Amino acid sequence: MGVNNVNEIKNKVELRYAKESENESNLSCGNNLSFLELESGDRVLDLGCGRGIETIDAAKLVGESGKAVGLDLTSNMLNVAEENAKKQNIANIEFVVGDIENLPFENESFNAAMSNCVINHARDKSRVYQEIHRVLKDGGKFVVSDAVTKSPLPESIKNDPLQWASCFGGAITEKEYLSSIKKAGFKEIEILKRREYLKNGYAFISLTIRAYKAR
């Protein structure tokens, strides 16, 4: 995939979510907080936080001694997220514009990370999980919900920026996806939820995954 195509994919993803920030559509494909088991004082990272709904819920769970940080590619979404946090007087929260393949945080900054239907947009899933591993503290964990395929998608779909932006063209097989997590160094990889369905005529799987960084 050429550089121009990669940049176009990123632009299409940004454009889609800039528009989504103006409505109330549900962009989630899983409920991760119930599996993340956050504790008071934890620092938690929400990748692709969107309007910040789950980031805000996480901030409430970790309490004043903890902190929730939401990261998103789209500044429009983060503007909405910040307003939502202000409405609820949430102080232990921060929203950052950033790319999930190059996280703007120091090593071992967080106890936990979560993401909901976002990593399928990334060009390099292995890079994303390496970055999550890097910013988690030893013994830290993530819970991610995402879409994968049963069989590889055709190249024509993989190279279509509009298909990537629609949570379709960037999906890889379940085997490839889990391999990227293992290669990043995570242990105790668990499939918490699994749902099979058809998308545009192709066999897809919605997974909720939990894994840990070794102590």
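Every number in this text was worked out from the coordinates using simple rules, so none of it is lab data. Small disclaimer: the values here were computed from a predicted structure and weren't measured. Heads up, the Cβs are rebuilt from the backbone with ideal geometry, glycines too, and the neighbour counts pull from every protein chain shown.
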Problem - Rounded tilt (10° steps) of 75-87 against the dominant C-alpha axis of the chain - result: 30
Fill in the blank from the handout: Taking Cα atoms only, helix 3-20 is inclined relative to the longest principal axis of the chain by an angle, in degrees rounded to 10, of 60
Fill in the blank from the handout: Which of Glu54, Glu155, Glu37 fluctuates most in a GNM of the chain (C-alpha springs under 10 Å)? That residue is Glu155
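Once you list every other residue whose beta carbon is under 11 Å from the beta carbon of Leu61, what net charge do they have if Lys and Arg are +1 and Asp and Glu are -1?
Numbers: positive: Lys60; negative: Glu37, Glu39, Asp42, Glu54, Asp57.
Residues near Leu61 contribute -4 overall.
Taking R0 as 41 Å, what's the FRET efficiency between Tyr197 and Arg134 from their Cβ-Cβ distance, rounded to 0.05? Intermediate results must be reported in sequence, preceding the final value.
Working: r = 33 Å, r/R0 = 0.80.
Computed FRET efficiency for Tyr197 and Arg134 comes out at 0.80.
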Completion exercise
Under a Gaussian network model of the chain whose springs join Cα atoms within less than 10 Å, the largest fluctuation of Arg43, Arg195, Arg134 belongs to Arg195
Problem - Phi to ³J(HN,Hα) by Karplus 6.51 cos²θ - 1.76 cosθ + 1.60 over region 194-209, Hz, x for Gly, Pro - result: 8, 9, 9, 7, 9, 10, 6, x, 10, 6, 10, 9, 9, 10, 10, 10
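In percent, how large is the relative contact order of region 83-133, given Cα pairs closer than 8 Å and 6 or more residues apart?
Dividing the mean separation by the residue count of region 83-133 yields 39 percent.
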Completion exercise
Between Lys193 and residues 5 or more places away or on another chain, the pairs with built amide H atoms under 5 Å apart involve Thr208
Completion exercise
Scalar couplings 3J(HN,Hα) for region 164-178 by Karplus 6.51 cos²θ - 1.76 cosθ + 1.60 (θ = phi - 60°), nearest whole Hz, x for Gly and Pro, are 5, 5, 8, 6, 10, x, x, 6, 10, 5, 4, 4, 5, 5, 5
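Using only alpha carbon pairs under 8 Å that are at least six residues apart, calculate the relative contact order of region 3-213 and give it in whole percent.
On the way: 448 pairs, mean separation 43.4, N = 211.
Worked out over region 3-213, it gives 21 percent.
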Completion exercise
Sorted by chain and number, the residues with a modelled amide H under 5 Å from that of Val118, at a separation of 5 or more or across chains, are none
Problem - Whole-Å semi-axes of the ellipsoid equivalent to the chain (Cα gyration tensor, √5λ, descending) - result: 26, 21, 15
Problem - Long-range HN-HN contacts of Gly140 with modeled amide H, under 5 Å - result: Lys213
Exercise for the section: For region 99-108, take each phi angle, set θ = phi - 60°, evaluate the Karplus expression 6.51 cos²θ - 1.76 cosθ + 1.60, and give the result in whole Hz per residue in order, putting x for glycine and proline. Expected result: 10, 5, 8, 9, 6, x, 9, 6, 4, 6
Exercise for the section: Using just the helices of the chain, give the 222 nm mean residue ellipticity in deg cm²/dmol: DSSP H runs with n ≥ 4 each add -39,500 (n - 2.57), and the total is spread over all residues, rounded to 500. Expected result: -10000 deg cm²/dmol
